[in-house]
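Q: The structure follows.
The values are calculated or read from the model by the stated rules, or taken from the named source; none is laboratory data. Treat the numbers as computed from the prediction; the structure is a model and nothing was measured. Neighbour counts are summed over all protein chains in view; Cβ atoms, including those assigned to glycine, are modelled from backbone coordinates with ideal geometry. With ligands, DNA and RNA removed, areas are computed over all heavy atoms of the protein, side chains included. Shrake-Rupley method; radii C 1.70, N 1.55, O 1.52, S 1.80 Å.
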Amino acid sequence: MNDQDYQLLEELIATPSPSGYEQPVQRIVRRELAEIAEQLQSDLLGNLVAAMPASASDGPRVMLTAHCDEIGFLVKYIDDNGFIFFAPVGGVDPHLVPGQRVRIHAANGPIPGVVGKKPIHLLETKDKERVIPFTEQFVDIGCSSRSETETLVAIGDPMTINVALERLQGELVTGRGFDDRMGTFAMIRAVQLAVRQALPCKLYGVSVVQEELGLRGAQPASFGLVPDVALVIEIGHASDTPTNDPKVVGEVKVGGGPVLSRGPNVNPALFELLRQTAAAEGIPVQVLGEQRATSTDANVIQLSRQGVATALVRVPTRYVHTSSEVLSLADLDAAVRLLAATIRKIKDRESFIPL
Ligand SMILES: [Zn+2]
């Protein structure tokens, strides 16, 4: 990955975007696509649609999409001593949170804090084996009264764990919320790459919100857009760690290339187009069998209105929904190239009707 791309990924990962509070990331998407888009439009939920110019006016409508929200927290209650109680936004694992450094994204800027926890020395034996529920976790920002905390933090402010993108060995990187800001990155770069040539289709780069709360953004976004074809970019659980079983998860390796999902949630002809394009471009891919509706935006988009030819391109990711997810920059670059090359081949809607 070149420096410019790494900087964009770093910026996206550093930008807080818990579900419902995605505007800071959407502003980056807007900035990146403003120059090449024919039109940029946000809907009432905050979904952002960037319409690209098409050479054929009757070409199919193609939605390239990723969700820009991340899991996080929201300020729920401030006690008399100024400690802040919070609720998870999306699927946060409660036992990973105590001891973390956090940022509360308040009206006047980010407020640093820590998630407090009783020291291990003071825990009773039975409590050492217990996951501490969120109702027993709290944030200490250094204030000593409710009124002091209230001058800085308001009920409903979003909060994120404060960790930055960092390189590991080789092409591997770790960061918070690759799910799915790495998808936001791939969407932006694939759109930019695809439009370097005149397209036979009408391409829309769509950055959707609130996926982590149950695919809430993609549903109205696809209803409003009425796409014929959709390509969804998401994380894929890697099974190449000591504790993930490939018999359950499927065989997915970080560094093995983008993952093409195959199953009822994926249009067979679009899957074949992706696979053949990957072969023609010399891009390694992995195939993941998914026997049911996936828990991704691909599910609601496929079922939108009269149905949409949908495919799911996943980037192998370890430790998903922790603050230290891991992926390979080579896989991410490959996903961008694969998506752009595939979009250039989408010429007609009819070829995706299963017959
Ligand atoms: Zn996701």
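Q: Keeping every protein chain present and rolling a 1.4 Å probe, give me the accessible area per residue for the stretch 226-355 in Å².
A: Values: 5400 Å² over 130 residues.
Here the per-residue accessible area is 42 Å².
Q: Taking 8 Å as the Cα distance limit and 6 or more residues as the minimum spacing, I'd like the relative contact order of the chain as a percentage. Walk me through the numbers on the way to the answer.
A: Values: 827 pairs, mean separation 81.0, N = 355.
Computed over the chain, the figure is 23 percent.
Q: Further question on the same structure: Can you pull out the trypsin sites (Lys or Arg not before Pro) in the stretch 235-326 whose DSSP state is coil and whose Cβ has at most 11 other Cβ atoms within 10 Å? Walk me through the numbers on the way to the answer.
A: Numbers: sites: 247, 253, 262, 275, 292, 305, 314, 318; in loops: 253, 292, 305.
Qualifying residues, ordered by number: 292, 305.
Q: So, by mean Cβ neighbours within 10 angstrom, what's the order for 183-193, 26-36 with the highest one leading? Write down the numbers at each step before the final one.
A: On the way: 183-193: 25.6, 26-36: 16.5.
Most protected by this proxy first, the peptides run 183-193, 26-36.
Q: Restricting to lysines 8 or more places apart or on different chains, can you count the pairs in the stretch 85-220 with Cα atoms under 26 Å from each other? Before the final figure, lay out the partial values.
A: On the way: 117/126; 117/128; 118/126; 118/128.
Lysine pairs, 8 or more places apart or on different chains, close enough: 4.
Q: Still on this structure, please answer the following. Pull up the cross-link candidates among the aspartates and glutamates for residue 347, meaning alpha carbon to alpha carbon under 15 Å and not fewer than 8 places away within one chain.
A: Within the straight-line limit of under 15 Å, residue 347 reaches these aspartates and glutamates: 58, 228, 272.
Q: Here's another thing I want to ask about it. For residue 235, which sequence-distant residues (separation of 5 or more, or a different chain) have an amide H within less than 5 Å of its own amide H, given hydrogens modelled in the peptide plane?
A: Under 5 Å from the amide H of residue 235 lie the amide H atoms of 315, each far enough along the sequence or on another chain.
Q: Out of the total accessible area of the stretch 183-294 (probe 1.4 Å, heavy atoms of protein only), what percent is carbon and sulfur? Mind dumping the intermediate values first?
A: Values: 2290 of 4440 Å².
The C+S portion of the solvent-accessible surface of the stretch 183-294 is 52 percent.
Q: Additional query: What percentage of the solvent-accessible surface of the stretch 1-79, computed with a 1.4 Å probe over protein heavy atoms, is contributed by carbon and sulfur atoms? Let's see the in-between values first.
A: Numbers: 1680 of 3560 Å².
Of all accessible area on the stretch 1-79, carbon and sulfur atoms account for 47 percent.
Q: Can I ask one more? Return the sequence-ordered ³J(HN,Hα) values of the stretch 272-287 in whole Hz as given by the Karplus equation 6.51 cos²θ - 1.76 cosθ + 1.60 applied to θ = phi - 60°, using x for Gly and Pro.
A: Karplus values, whole Hz, x for Gly and Pro: 4, 4, 5, 5, 5, 5, 4, 5, 5, 8, x, 9, x, 10, 10, 10.
Q: Still on this model: Residue-wise, which Karplus ³J(HN,Hα) couplings in Hz belong to the stretch 196-207, taking 6.51 cos²θ - 1.76 cosθ + 1.60, θ = phi - 60°, and x for glycine or proline?
A: Couplings: 5, 10, 5, 9, x, 10, 9, 9, 10, x, 10, 9 Hz.
Q: Fully extended, how many nm does the chain gain between residue 34 and residue 306 (0.36 nm per residue separation, minus their Cα-Cα distance)? All intermediate terms of the calculation are to be shown ahead of the outcome.
A: Values: separation 272, 0.36 × 272 = 97.92 nm, distance 3.05 nm.
Separation in residues times 0.36 nm, less the Cα-Cα distance, equals 94.9 nm.
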